[in-house]
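Report on one structure; see the data block that follows.
The values are calculated or read from the model by the stated rules, or taken from the named source; none is laboratory data. Note that the coordinates shown come from a computational prediction; the quantities given were computed from them, not determined experimentally. Positions of Cβ are generated from backbone atoms using ideal geometry, with glycine treated the same way; all protein chains shown enter the neighbour counts. Keep in mind that these areas ignore ligands, DNA and RNA; they rest on the heavy atoms of the full protein, side chains included. Shrake-Rupley method; radii C 1.70, N 1.55, O 1.52, S 1.80 Å.
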Amino acid sequence: MFCRHILQATNRLIGQSSMNIQYIGCRNIKRWVAPTMKELSRRRKKVGPDPNKPRSSYLEWNYDVELHCFQNRIGETFDKNILSEALVQREYANIQEFKAKEEGNESYIPEQHNYDLAKDGNAIISDYIKEEYSKNYPEEIAITVQKYLTTDEMLAHIAKHLGFTDLIKAVEYPLEERTLADSFKALVAALSLSSDLERAQLFVKDFVIAQMNGKDIYDIWTPEKPYEYVVKLLEQRGIKKVEPRLCNQSAVNTILANYQVGLYDSNNKSLLGIGWGENVQIAKDTAALDAIQRLYNSYARK
Amino acid sequence: MSNSHLFLKPAFITTPGQNGVGRYVCQLQRVVLKFCKNNGSSRGMREFIETKLMDFVKESPEVAVYVKPRRHRTPIIKAEYLNGDTQWVNARNFTEDEILKWLKLLKSQSSDRTGIRLRKLIHTDFPSVQGPWTPYTFRDPQLNKVEFPCPELTGPFINETSATEELLELYKRQKLGNVEESRAE
Amino acid sequence: MASLIPKLLNNFSRLALQNSKKLNTRSAQVEKLSSILTKCYGTQATPYEIIDEEKDNKKSDEIIQKVQSQLTESKEGRLFAIVHLAGKQFRITEGDVVVVEGYWPPSCGERISLDKVLLVGASDFTLIGRPVVQNGLVNIEATVIEKTLSHTKTHFRKKRRKQYMRIHFYKIPQTHLRINRISIVGELNNPPEVSGLEKAIF
């Protein structure tokens with residue numbers, strides 16, 4: 001640039017245009033690039049972020065391949081028709097049919113949707129969870145766990161981590177939890193139809209019951225009045241008189257008071273449960289909860 | 001060793017959706033191989049697609065592999081995981097072996113872990129099985145009956161045996177006969 | 001070879017017997033406090049003498065019997081173990097994730113049994129190995145869920161006043177391992193006659 005100016009200046013001075021002006025081009029970022037980019041990004045930010053598009057709208061998308069990979073990922077084989085049925089939302093199927101009618105398309109085959117499959121799947125999942133937990137815990141706990149695991153939120157979470165979001169044909173985007181949960185249930189039903197009930201139950205065990213890993217059952221279920229509950233429970237098992245006793249206490253006159261209460265069997269003076277709390281009542285309840293936990297199978301000392 | 005000088009995000013171990021508990025699920029959902037049909041930087045990628053790609057696809061039937069030719073752009077490997085993470089690797093001037101290595105690494109990962117430092121190498125939900133220590137764990141219950149201040153419990157216990165007592169003990173030991181005097185292991 | 005070390009306070013009770021003669025001369029309250037007073041929490045090994053070996057064996061057999069009955073009734077609850085993996089030791093329970101650093105052959109999805117168990121514990125008892133618990137006793141299963149690279153680590157070298165400075169950036173391969181199950185399978189106090197020959201090739 002600089003050289004060109006000098007050349008032009010000397011040219012003017014000499015007054016000869018026969019001298020060749022050598023334009024020495026420089027390979028640098030041009031002056032106009034930065035302001036242009038700034039303006040473009042300003043306009044982009046003004047419009048707002050790009051809306052998220054579903055994966056199926058991309059160029060690199062092959063539904064059949066994705067379905068095939070999905071089956072391999074889970075480790076199960078499905079009948080192709082049943083699988084595609086399980087992944088179609090009812091509203092979507094209805095709208096497709098409506099559109100076809102509007103267009104006057106007579107040879108349109110209405111798509112099967114997953115409403116019925118979802119109901120069947122829900123039954124399979126709930127029954128299996130209840131069955132598994134009834135082996136070691138009483139009915140109330142089994143039912144509470146079943147309710148916890150079959151919520152839409154939980155099933156949607158599992159479905160997302162198996163890759164359902166891109167495969168489901170639905171009306172809305174991004175997908176609602178209800179849609180994902182329904183599709184998951186429909187898949188379980190589809191599996192029981194394609195293979196057998198046992199495989200479907202194994203699938204439920206591996207993916208739904210596995211979500212209880214690391215979670216304490218007694219965080220999900222607590223009896224309302226622990227002490228009365230425990231007394232009833234122990235009566236059933238032959239321990240008629242239960243004595244709560246204060247084992248330890250510290251910092252009694254302060255805010256951070258601490259009482260440790262133990263529940264003892266009056267006959268053989270054995271310890272049934274021990275718990276601590278800010279006052280004696282809370283400590284007694286905690287001890288009752290501890291006793292309940294010791295009675296049922298999985299005992300983890302707190 | 002401090003970590004305050006590092007610009008990495010610290011995080012604990014996470015597993016997407018309790019992966020190993022039931023059956024193992026490969027966390028890589030799909031891989032897109034973008035390359036240029038002509039440019040020299042895509043040569044390795046093109047050779048990989050021609051030779052080793054089919055073997056990789058056969059070995060991993062749970063990963064959807066897409067091949068996307070894009071002119072005048074560098075070759076890229078873009079991976080999408082089941083938890084929604086994406087990771088892209090610039091494959092410019094890679095050899096086919098390098099590309100295969102990267103693909104194998106992406107397949108065995110569960111999310112994009114670049115720029116994340118693991119704080120601990122263990123993750124437990126049940127840190128204590130026998131019960132954590134409380135001030136009451138080894139506290140003798142007899143201390144509940146003691147009236148404080150108790151002069152006997154203030155200082156250390158000094159066991160002074162008189163000479164007579166020691167002789168008596170020695171006699172007792174001899175009397176017993178087969179006595180094995182051994183130190184605790 | 002594994003052996004069971006029961007949590008006995010025999011040592012302390014014997015010491016108390018030896019010293020009770022002395023304490024009898026003191027006040028009544030002090031006598032009651034004898035159990036508290038004679039406790040010593042030192043790190044030195046306490047000396048003991050075996051007076052009646054049969055009685056001792058009977059006592060330890062009782063304890064082993066109690067532990068065995070808990071195991072047969074499956075009432076032991078959650079087990080934890082200390083396992084030796086790739087030169088490091090980890091304290092593991094069912095359901096937790098362990099990261100093994102460095103080159104480790106097992107690949108993703110493989111189910112592995114961890115054999116070098118140094119200690120197994122439940123809420124009521126612990127089995128301590130010397131240094132390892134016997135081979136068939138404990139069964140620990142784990143699944144490999146991930147093989148990644150660590151964050152970028154730096155190795156910085158400098159020789160001062162010599163214009164020599166090098167930074168080496170490197171990443172270590174890491175394997176994430178999910179512990180599926182820990183269970184005590186064998187019979188207690190019944191070690192096999194000959195051990196260590198399972199992997200021998202004749």
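Things to note:
- Solvent accessible area, Å² - B:Val21, 1.4 Å probe, full protein context: 50 Å²
- Note on segment C:111-177: with neighbouring protein chains present and a 1.4 Å probe, carbon and sulfur make up 52 percent of its accessible heavy-atom surface.
- C-alpha center-to-center spacing [segment A:17-84, segment C:109-183] in angstrom: 40 Å
- Ordered from highest to lowest accessible area with the whole protein assembly present and a 1.4 Å probe, A:Glu177, A:Glu102 read as A:Glu102, A:Glu177.
- Charge tally in the Cβ shell below 12 Å around A:Ile129, where Lys, Arg are +1 and Asp, Glu are -1, A:Ile129 excluded: +1
- Contact order relative to length of chain A, as percent, for alpha carbon pairs under 8 angstrom and 6 or more apart: 13 percent
- About its Cα centre, the dipole of segment B:28-185 is roughly 2120 debye, where the only charges are +1 on Lys and Arg Cβ and -1 on Asp and Glu Cβ.
- About its Cα centre, the dipole of segment A:211-270 is roughly 220 debye, where the only charges are +1 on Lys and Arg Cβ and -1 on Asp and Glu Cβ.
- Approximating the spin labels as points 7 Å out from Cα along Cα→Cβ, the B:Phe126-to-B:Phe12 distance works out to 1.7 nm.
- Computed over chain A with a Gaussian network model linking Cα atoms closer than 10 Å, the most mobile of A:Leu83, A:Leu67, A:Leu263 is A:Leu263.
- When shorter helices are ignored and each DSSP H run of at least 4 residues is given -39500 (n - 2.57), the per-residue value for the protein assembly as shown at 222 nm works out to -11000 deg cm²/dmol.
- A protection proxy built from the mean count of other Cβ atoms within 10 Å ranks the segments A:90-101, C:170-181, most packed first, as C:170-181, A:90-101.
- About the Cα centre, charge dipole magnitude for the protein assembly as shown (Lys/Arg +1, Asp/Glu -1 at Cβ), debye: 5160 debye
- Those trypsin sites (Lys or Arg not before Pro) in segment B:1-53 that DSSP places in a loop and that have at most 10 other beta carbons within 10 Å: B:Lys37
- Given a 1.4 Å probe and the protein chains as shown, A:Thr150 ends up with an accessible area of around 30 Å².
- Centroid-to-centroid separation of segment B:37-91 and segment B:106-149 [C-alpha atoms, Å]: 44 Å
- Viscosity 0.692 mPa s, 37 °C: Kirkwood-radius Stokes-Einstein D of the protein assembly as shown over Cα pairs, µm²/s: 101 µm²/s
- In this calculation the C-beta distance from A:Tyr173 to A:Arg27 is compared with R0 = 56 Å, giving a FRET efficiency of 0.80.
- Once the Cβ-Cβ distance of A:Glu139 and A:Ser56 is raised to the sixth power relative to R0 = 56 Å, the FRET efficiency obtained is 0.80.
- Alpha-carbon centroid distance for the pair segment A:238-301 / segment A:137-169, whole angstrom: 35 Å
- Candidates A:Lys215, A:Lys160, A:Lys130, ranked by Gaussian network fluctuation over chain A, Cα under 10 Å, top entry: A:Lys215
- The calculated FRET efficiency for the pair C:Tyr164 and A:Met154, based on their C-beta separation and a Förster distance of 51 Å, comes to about 0.30.
- Of the DSSP H helices in chain A, those whose Cα atoms cover at least 27 Å axially and whose Kyte score averages -0.5 or more: none
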